[in-house]
Each structure stands twice: as structure tokens, then as C-alpha cells.
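Note sheet for the following structure.
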Amino acid sequence: MAKVQTKRKLRMGMVGGSLEAFIGAVHRKAANLDGEIELVCGAFSSNPDKSKATGAALALPANRVYGSFTEMIEKEKALPEGERMDFVSIVTPNHMHFAPAQLALENGFHVIIDKPLAFNIAEAKTLKKLVEKTGLVFALTHTYTGYPMVKEAKHLIATGALGKVRKVYVEYPQGWLSTYSEGTGNKQASWRTDPSKSGAGGAIGDIGTHAANLAEYITGSDITEICALLNTVVKGRLLDDDSSMLLKFENGSTGSLIATQVAAGEENNLNIRVYGEKGGLEWRQEEPNTLVMKWLDKPKQLLRTGSGYLSDAAKLNTRTPSGHPEGYLEAFANLYMAFGRAVRDYKPGKKVNAAKYDFPDVEDGVKGMAFVDTVIRSSKSNAKWTKVKY
């Protein structure tokens, strides 16, 4: 893979994301938001007819719409360097993450992939080794780390504004699986509750990994031990739809995590509270432009996206003036923006430092799979604590 010329758009190929899929359209909109990336090809479905129909709807040339990811990667690699895709965006269900990611890396293409990284931790570790071997850019779309005020929270903790972190509380309640939706033809519910497609974790893999990643990202500290309880509330469901757990962090702090998809009436109420010696902070995904600061010895503060007093990291990930809301698509686009900068800076033989560009990478993906594995082991164990094994 040669270094990308800086005065052109990056060329993206997509695996998955047919017209009936939810997340594929989100990725395409996010990638396109800054005008730095263009979709040039895709294998949008394992059904060739669906793939062709999606490509036609997206106005792609028929010869750049493929019937399988294998065909796409092989034929794109055979194109002249000035025409072929630069990277692959993988937006398939979990059980189809590993194979296209592996093939893309083996053929010299950078990868950005929807979370979780893979179907199980063994696949995740294999991808990590392959990324290390190839040196290619690899990003994982843990979307919530892209919000400006999440980056501000991380900055404040890293610079010691709260003092030593003591407590972390993170919750992700949803209500969309409060009934047996997978039995009504709901495609999103069907694959997410099917262990052959989703993996061993249901809600814990779908949204619990987001909550865990957010806690680790903001605090800058890994989760080291877990005491978990998994539950399946809806009759007939094959995977967990509810979970709660106690956490221990590398920095000595403790906390709790709740991830449930049976909290009737909730939408996407991801929220986090972190407390240190001097005060605490609170952020809610449904009100993403506000970061609440609570102090031991002075009044509460509200920090707002777009304000001049924020850190450089928050400003870099803000597109509109103060008072103009930014949300999910912009946060998603921030990950594509950071990934794109790394791809443009890529030099063969030189390792890419994802932390420099501030996007989740394959290491975060392995941590996410280890988190799911540990929660499941902990829930089945009679021991109080289960150590996280990476």
C-alpha cells in the first residue's frame, strides 16, 4: 500500500451495508460528512442481487459493485494504484467481521470496522497480530469516543482537574428489546439475539462494550476485574438482554456498569459519571453538547461544545459554533476524520500510533472482546471477582 496523495479524496470500499441495513447508511453519511472520503465500490450483501441493487441506488458504476467481499478485494487490488480503493469499511453482523478484515489486511488495504472487533476473542487476537505484522491503519468505530465533550472529559481527567479518580459509574439503558422482537421479523433484533451471528454476548456485546470502552477512554485506565450478573429477561431469547456488574480499574478506582435492552421507554441513554478527589463530571449521550462539572468546594459548572475555553482535542472534533447542536453522525464522522488522517500519513514500514490520531484501534477491539469474555465467565462463576485476560 503506497502513501496516499494528499490532494484527493480517500477511496472507500464497503463490505455489508445493503439498503435494508441500519448501520451501513450511518457509516456512509459519516464518511462523507467532511468531503474527504468517497465511496467507490462495495460488496453490500452476501446476496449478489441485493449488493447490485444497493450499488445502483448509490449511483456506483456496475463494475465496482461486487457479489462478495472476496471478489471485491481481489479485483480492487488488480486495479491501477490511482483507481483502486484505499481502505475497506466493514459494517456486517459480528460473525462476518473477521474474514473480510483478515483478507483486506493480507492484501494491503487499511480497515475501519464496526464494533465489536470480531466474533470471539481468538479472532480478535489474530487480527491484532495481523495489524502488527502489516503495519496498516486499523480503526474500530466506538462512536461515543468521537463526541467533543467526551474528549473534553478525557482531557480534564488526564490533566488532573479532578485529582485522583475514585469512582466510575457508566450506564447504557435501551428499551427496544423489551418484547420478543426477533420473533416478528425485525432484522436488527434477529441477528443481534442469535448466538451464531452475534457471538456469546447479547446486550453485553452490543452496548455493554460501548459502555466499557467509554469508561476506559475517559479515565485513561483499563478495567482489570469484574463481578458480573447476566440476565435474559424476555422469554425465548437466546442471549442476555440485561446485565449489571462491579468494576475494578487499573488506576485503583472502582465502579459499576449497567447495560440493558429491556428498560422500557429508554432510547439510547448512555451516560457516565466519574468522581475524583476534587470533584466529578457527568456526560449523557442524549444531551451530548453539555459536560457537567461538580466540585467539592465551588458551584457546579456546565461546559458546552463549541466554546473557546475547551481543550484542543474538543475543538478539533467540533464543526459548528456554540449553541448549534452536534450529535451522533458528527461523532461518527470524527472517527472517520481521524482514521483518514492516519491513512494519509501512512508510510510503508512505519507503525501507525492510533493514540496520536485519537481513534479506537485493534487493541481496543481486543479489550472489548476480553470484556465480553470476562463478563460471561464472571456471571457463570461463584467467585466474587474475575480477572480480565487479554
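Answer yes or no as to whether Ala338 is closer than 21 Å to His110 by Cβ, of a type in the set (A, V, I, L, M), assigned by TED's automatic domain parsing to the domain that holds Ala31 and at pLDDT 95 or above. Judged against the criteria, Ala338 is a match. For Tyr180, are the conditions met, namely being touching a strand residue (DSSP E or B) at 6+ places or on another chain (Cβ under 7 Å) and farther than 17 Å from Thr374 by Cα? No. When Gly82 is tested against (1) more than 24 Å from the chain's Cα centre (by Cα); (2) small (Gly, Ala, Ser); (3) closer than 23 Å to Gly340 by Cα; (4) assigned to a helix (DSSP H, G or I), only condition (4) is not met. Taken over the stretch 61-95, the criterion of being crowded, with 18+ Cβ neighbours inside 10 Å and closer than 22 Å to Lys7 by Cα is satisfied by Glu76, Arg84, Met85, Asp86, Phe87, Val88, Ser89.
What about Gly340, is it in contact with a strand residue (DSSP E or B) (Cβ under 8 Å, 6 or more places away or on another chain), buried (at least 23 other Cβ atoms within 10 Å of the Cβ), farther than 30 Å from Tyr275 by Cβ and of a type outside the set (Val, Ile, Thr)? Considered against the rule, which asks whether it is in contact with a strand residue (DSSP E or B) (Cβ under 8 Å, 6 or more places away or on another chain), buried (at least 23 other Cβ atoms within 10 Å of the Cβ), farther than 30 Å from Tyr275 by Cβ and of a type outside the set (Val, Ile, Thr), Gly340 comes out as yes. Would it be correct to say that Thr145 is out of contact with any strand residue (DSSP E or B) (no Cβ under 7 Å at 6 or more places or on another chain), surrounded by fewer than 24 Cβ atoms within 10 Å (Cβ to Cβ), of a type outside the set (Asp, Glu) and at pLDDT 95 or above? Taking the combined requirement at face value, the residue does not satisfy it. The single condition among (1) in a loop (DSSP other than H, G, I, E, B); (2) among the polar types (S, T, N, Q); (3) modelled with pLDDT of 95 or more that Ser379 does not satisfy is (1).
Assess whether Ala59 counts as being small (Gly, Ala, Ser), free of Cβ contacts under 8 Å to residues at least 12 places away in the same chain and farther than 18 Å from Val111 by Cα.
On the way: small (Gly, Ala, Ser): yes; free of Cβ contacts under 8 Å to residues at least 12 places away in the same chain: yes; farther than 18 Å from Val111 by Cα: yes.
Taking the combined requirement at face value, the residue satisfies it.
Note on the stretch 105-141: residues that are more than 15 Å from the chain's Cα centre (by Cα), among the hydrophobic types (A, V, I, L, M, F, W, C) and farther than 25 Å from Tyr328 by Cα total 8.
Checked against (1) in contact with a strand residue (DSSP E or B) (Cβ under 8 Å, 6 or more places away or on another chain); (2) basic (Lys, Arg); (3) within 18 Å of Val372 (Cα to Cα), Arg64 passes all but condition (3). Residues in the stretch 181-222 that are in contact (Cβ under 8 Å) with a residue 60 or more places away in the chain, touching a Ser or Thr at 6+ places or on another chain (Cβ under 9 Å) and farther than 19 Å from Asp242 by Cα: 3 in all.
Filter the stretch 151-178 down to the residues that are charged (D, E, K, R) and assigned to a strand (DSSP E or B), then identify the one that is nearest to Asn334 (Cα to Cα). Across the stretch 151-178, the extreme among qualifying residues is Glu171.
Among the strands (runs of 3 or more DSSP E) lying completely within the stretch 232-315, list those that include at least 2 residues that are surrounded by 17 or more Cβ atoms within 10 Å (Cβ to Cβ) and either at pLDDT 95 or above or under 24 Å from the mean Cα position of the chain (by Cα) (or both).
Values: elements: 242-249, 254-260, 271-276, 279-284, 290-295, 301-304.
So the answer is 242-249, 254-260, 271-276, 279-284, 290-295.
Run down Ala122, Ala139 and say which single residue is in the same structural domain as Lys351 (by TED's automatic domain parsing) and crowded, with 24+ Cβ neighbours inside 10 Å.
Ala139
The values are calculated or read from the model by the stated rules, or taken from the named source; none is laboratory data. Every value quoted in this text rests on a predicted model; they were computed, and no experiment measured them. Note that we place each Cβ from the backbone using ideal geometry, even for glycine, and neighbour counts take in every protein chain shown.
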